[in-house]
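Undergrad: One structure is given below, represented as structure tokens, and several questions about it will come after.
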């Protein structure tokens, strides 16, 4: 995956124009084959209507929500990302979040009060913080429910900063202009993004192999930032950096094709090994594999949430962690299991999961309040 930010407009809710490229995605998006909006590219999808729903993130990852309210209709439906006997959660900002109906569409609300509005049969419409500051997404067409669909034509921040987009006949962005008149332009070859010109006139270029996978990126200073070679599964197997240093990547897959181990060999010949659990989270991280300098850090994770329960460093020192039901960190114990163990504890207010107190190992407590 490759990401690049073309614009960043600061605001209460900033506008970040970031492109997200995935080598194994052959669909065409706003920036050509395999490349889409990052900040605005999420949407909802369901395999069992009104019983479960997935929040699909711009990088293709899915956050799964299950119905926790009675009934089978939509107007009273409540979906939660939570641990049950049949589902697990991710250790992310989405733990404890809910999706509910708000005509004409759906609202995703995070623990911190941030709200994402999705239209009825429509993608993301706006993002709003708990104080009512709203980032609005304008789209090319309005559907019968009054929601925007189709190409994103503009994005406006709470205080009026904006980016507007123009498209070619193939629905690919060819220019993005902010409210100050600064413009980024985009060009395509064989459906793939090949050139980006920044507001200062600097040109970035992308090259692809015969299979359509990104092989190189050259910055506006004409520095080739990387050259990629891929394996048969469309994963990077070799990457060359500007100084000539070469990294190689070897992957171990399970019977379903999921990565269980990755080994990265750096230009000095040192190998880093990363092992993953069945959910794709790191459970061990080894540096300088097989050498006298070898160092291993291991992690124990909760089976339902994949939160880290303990981490053991290369010297054998273990730190343990405890969490509440929505993933807030309640305590950290260093040197766990020894006579020298020390614990720091945290409490939170229930509405937005803001920290209200921190108690250190000497039992000194700091309290926090919010307006």
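Only the coordinates and a few stated rules stand behind these numbers; no lab work does. Only a predicted model underlies this, so the values are computations on that prediction, with no experimental measurement involved. Note: ideal-geometry Cβ built from the backbone for every residue, glycine included; neighbour counts use all protein chains shown.
Undergrad: What order do you get for 4, 64 when you list them from fewest to most C-beta neighbours inside 10 Å? Before the final figure, lay out the partial values.
TA: On the way: 4 19, 64 15.
Least to most surrounded, the residues fall as 64, 4.
Undergrad: Let me ask something else. Could you list 200, 128, 293, 225 in order of exposure, starting from the residue whose Cβ has the fewest other Cβ atoms within 10 Å? Write out the running numbers ahead of the final one.
TA: On the way: 200 7, 128 19, 293 10, 225 14.
Starting with the residue having the fewest Cβ neighbours, the order is 200, 293, 225, 128.
Undergrad: Give me the compactness ratio for the range 1-71, meaning the Cα radius of gyration over 2.2 N^0.38 Å. Present the calculation step by step, with values, prior to reporting the outcome.
TA: Details: Rg = 15.1 Å, N = 71, 2.2 N^0.38 = 11.1 Å.
Working it through for the range 1-71, the quotient is 1.36.
Undergrad: Related question: Using r as the Cβ-Cβ distance of residue 349 and residue 309, and R0 as 25 Å, what FRET efficiency do you calculate, to the nearest 0.05?
TA: Values: r = 25 Å, r/R0 = 0.98.
So, using R0 = 25 Å, E works out to roughly 0.55.
Undergrad: When the chain is treated as a GNM, springs tying every alpha-carbon pair under 10 Å, which of 353, 210, 170 comes out with the largest mean-square fluctuation?
TA: In this elastic network of the chain, the residue with the biggest mean-square fluctuation among 353, 210, 170 is 210.
Undergrad: Compute a Gaussian network model of the chain, connecting alpha carbons closer than 10 Å, and tell me which residue from 350, 220, 104 fluctuates the most.
TA: Answer for the Gaussian network model of the chain: 350.
Undergrad: Between the range 117-174 and the range 1-31, how far is it from one alpha carbon centroid to the other, in angstrom?
TA: Between the Cα centres of the range 117-174 and the range 1-31 lies a distance of 15 Å.
Undergrad: What FRET efficiency would be calculated for the residue pair residue 251, residue 371, taking the C-beta separation as r and a Förster radius of 45 Å, to the nearest 0.05? Could you put the intermediate results ahead of the total?
TA: Numbers: r = 50 Å, r/R0 = 1.10.
Taking R0 as 45 Å, the efficiency between residue 251 and residue 371 is 0.35.
Undergrad: Please label the shape of the range 165-229 as rounded, prolate or oblate, based on the square roots a ≥ b ≥ c of the eigenvalues of the alpha-carbon gyration tensor (a/c under 1.5 means rounded; beyond that, a/b larger than b/c means prolate, else oblate). Mind dumping the intermediate values first?
TA: Details: a/c = 3.66, a/b = 1.36, b/c = 2.69.
Note, shape of the range 165-229 comes out oblate.
Undergrad: Need one word for the range 31-81: rounded, prolate or oblate. Basis is the Cα gyration tensor (sqrt eigenvalues a ≥ b ≥ c); a/c below 1.5 gives rounded, then a/b vs b/c decides. Provide the component values of the computation, followed by the final result.
TA: Working: a/c = 3.20, a/b = 2.91, b/c = 1.10.
Prolate shape, in that a/c is at least 1.5 and a/b is the bigger ratio.
Undergrad: What is the pair-distance distribution P(r) of the chain, computed from all Cα-Cα distances in 20 Å bins starting at 0, with each bin given as a whole percent?
TA: Taking every Cα pair in the chain, the percentages come to 22, 53, 25, 0.
Undergrad: Further question: May I ask you to sort 364, 2 by Cβ crowding, counting other Cβ atoms within 10 Å and putting the fewest first? Intermediate values should be presented prior to the final figure.
TA: Details: 364 8, 2 17.
Sorted ascending by nearby Cβ count, the order is 364, 2.
Undergrad: If each residue of separation counts as 0.36 nm, what is the full-extension length gain between residue 100 and residue 72 once their alpha-carbon separation is subtracted?
TA: Values: separation 28, 0.36 × 28 = 10.08 nm, distance 1.33 nm.
Length difference between fully extended and current span is 8.7 nm.
Undergrad: Which percent of the Cα-Cα distances in the range 204-262 go past 15 Å? List each step's numbers first, then the result.
TA: Values: 938 of 1711 pairs.
Every Cα pair in the range 204-262 considered, those over 15 Å come to 55 percent.
Undergrad: Right, here's the next one. When the Cα atoms of the range 30-144 are enclosed in a convex hull and the volume is divided per residue, what value in Å³ results? If you can, show how the numbers build up before the last one.
TA: Details: hull volume 14.5 nm³, N = 115.
Convex hull volume per residue, Cα atoms: 126 Å³.
Undergrad: Using the Cα gyration tensor of the range 173-288, with a ≥ b ≥ c the square roots of its eigenvalues, what is the shape: rounded (a/c below 1.5), prolate (a/b larger than b/c) or oblate (neither)? Show your work: numbers first, answer last.
TA: On the way: a/c = 2.26, a/b = 1.95, b/c = 1.16.
Prolate, because a/c is 1.5 or more and a/b exceeds b/c.
Undergrad: Quick check on the range 281-371: what are the equivalent-ellipsoid semi-axes from the Cα gyration tensor, as sqrt(5λ), descending, whole Å? If you can, show how the numbers build up before the last one.
TA: Details: eigenvalues 179, 57, 21 Å².
Listed largest to smallest, the semi-axes of the range 281-371 are 30, 17, 10 Å.
Undergrad: Over all directions, what mean area does the Cα convex hull of the range 224-340 project, stated in square nanometres? Could you put the intermediate results ahead of the total?
TA: Working: hull surface 41.2 nm².
So the Cα hull casts an average projection of 10.3 nm².
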